[in-house]
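*Asks:* Shown below is the structure under consideration.
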Amino acid sequence: MFVALAMIALIGLGLSAADAQTSSQSPLARPANTSSAATTSGSGQYYFEFRSRQAWDYGHTFVVFGRVGEAPSKHNVAGLSPKGDDPSMWVMGHYVPVPSDTGWTDGDLEDRYITSRYRVLVSKEQYDRTVAYIRQLQAKSTTWSVEMYNCNAFVADIANFMGLKAPSSTWIYPRVFVTNMRKINTGHPEAANELVSENVKEMSNPTRDGRAMISAGMIKSDGAPTGGSASPPHVTIGAVRVTNRAANSAAASEPHTP
């Protein structure tokens, strides 16, 4: 099955324990990444920060929000992921829709796992209106599916509600999704044409896949030795297929198995 994603994941696609990109293992420590440095646009005393973070396989996309200067709580996180901590739900979601969670997942508020971020400052009125929309979106987003509705698609709906541009495809890696969103909203329109090439590059990025990093001895998961002994859920993902939800272009690369 083509998970154009390769994403994929959510794409979320997210991955934390079951987070669309969640895993039953603890989040992985990761080396510093300059791409995770915050870029801010807009003005106001409140913010919405779109983030991607590291997790097993391909990562997770989500949004954190609150008042500038105040540390966010778990209640201030929204993202779409498979429900609970059962890895089998994440695996199943690559084939059929599965029940979802729409809030905080393990690792979302820890900077060391962030791979990209984009912060938008807003007024109190804009903040309240968008938070109300997020709560409505959370209430109606009852399933997660890599192909039909993943963490990238969830975040894209929030961005569109705010009047922001979102990447033309949600079937891409989370880090690529957030980085591209940041660029196309901060004076880099050429970034829209780089989406496919950046996604292909991310396929071979060792810091995107926790299992690959462990196997290479680059890091170790909490409580797990190096050498690839950890056993997260494994999913074989088909060819990457980037498409515009509004029906634009499509591209494909060679099949890839995370």
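The values are calculated or read from the model by the stated rules, or taken from the named source; none is laboratory data. Just so we're clear, the structure is a prediction, and the values are computed from it rather than from any experiment. Every residue, glycine among them, receives a Cβ derived from its backbone with ideal geometry; neighbour counts consider all protein chains shown. What goes into the accessible areas is simple: the full protein's heavy atoms, side chains included, and nothing from ligands, DNA or RNA. Shrake-Rupley method; radii C 1.70, N 1.55, O 1.52, S 1.80 Å.
*Asks:* Based on this model, can you work out whether GLY107 counts as touching a helix residue (DSSP H, G or I) at 6+ places or on another chain (Cβ under 6 Å) and small (Gly, Ala, Ser)? Let's see the steps before the verdict.
*Replies:* Working: touching a helix residue (DSSP H, G or I) at 6+ places or on another chain (Cβ under 6 Å): yes; small (Gly, Ala, Ser): yes.
Considered against the rule, which asks whether it is touching a helix residue (DSSP H, G or I) at 6+ places or on another chain (Cβ under 6 Å) and small (Gly, Ala, Ser), GLY107 comes out as yes.
*Asks:* Any residue at all in the range 207-223 that is at pLDDT 65 or above and either within 18 Å of THR115 (Cα to Cα) or open to solvent by 40 Å² or more (accessible area, probe 1.4 Å) (or both)? Write out each step before concluding.
*Replies:* Taking the range 207-223 as the starting set, the residues that turn out to be at pLDDT 65 or above are none.
No, the range 207-223 contains no residue that is at pLDDT 65 or above and either within 18 Å of THR115 (Cα to Cα) or open to solvent by 40 Å² or more (accessible area, probe 1.4 Å) (or both).
*Asks:* Consider PHE50 carefully, then state whether it is open to solvent by less than 10 Å² (accessible area, probe 1.4 Å), under 21 Å from GLU202 (Cα atoms) and outside any loop (DSSP other than H, G, I, E, B). Explain how you work it out, then say what you get.
*Replies:* Numbers: open to solvent by less than 10 Å² (accessible area, probe 1.4 Å): yes; under 21 Å from GLU202 (Cα atoms): yes; outside any loop (DSSP other than H, G, I, E, B): yes.
Yes; evaluated as a whole, the condition is true for this residue.
*Asks:* Somewhere in the range 88-101, is a residue in a loop (DSSP other than H, G, I, E, B), under 17 Å from the mean Cα position of the chain (by Cα), surrounded by 15 or more Cβ atoms within 10 Å (Cβ to Cβ) and at pLDDT 90 or above?
*Replies:* Initial filter on the range 88-101 (in a loop (DSSP other than H, G, I, E, B)): 93-97.
With under 17 Å from the mean Cα position of the chain (by Cα) added as a condition, the list becomes 93-94.
So of that shortlist, the ones also surrounded by 15 or more Cβ atoms within 10 Å (Cβ to Cβ) come out as 93-94.
Add one more test, that the residue is at pLDDT 90 or above, and what stays is 93-94.
Taking every residue of the range 88-101 in turn, at least one turns out to be in a loop (DSSP other than H, G, I, E, B), under 17 Å from the mean Cα position of the chain (by Cα), surrounded by 15 or more Cβ atoms within 10 Å (Cβ to Cβ) and at pLDDT 90 or above.
*Asks:* Hey, can you tell me all the residues within the range 152-175 that are open to solvent by 30 Å² or more (accessible area, probe 1.4 Å), touching a residue at least 60 places away in the same chain (Cβ under 8 Å) and not in a loop (DSSP other than H, G, I, E, B)?
*Replies:* ARG175
*Asks:* Here is a list: TYR113, TYR95. Which entry is more than 20 Å from ALA153 (Cβ to Cβ) and of a type in the set (Ser, Thr, Tyr)? Break it down into steps so the answer makes sense when it comes.
*Replies:* On the way: TYR95 fails: more than 20 Å from ALA153 (Cβ to Cβ).
After ruling out the rest, the residue left standing is TYR113.
*Asks:* What do you reckon, is SER123 open to solvent by less than 50 Å² (accessible area, probe 1.4 Å) and under 24 Å from VAL91 (Cα atoms)? Step through it out loud before you land on a result.
*Replies:* On the way: open to solvent by less than 50 Å² (accessible area, probe 1.4 Å): yes; under 24 Å from VAL91 (Cα atoms): no.
Criteria not met by SER123.
*Asks:* Continuing with the same structure: Return the pair list, or none, for Cβ contacts closer than 6 Å from residues in the range 58-71 that are under 13 Å from ARG119 (Cβ atoms) to residues that are modelled with pLDDT of 95 or more and among the acidic types (Asp, Glu), at least 6 apart or on different chains.
*Replies:* Partner pairs satisfying both residue conditions: VAL64/GLU49.
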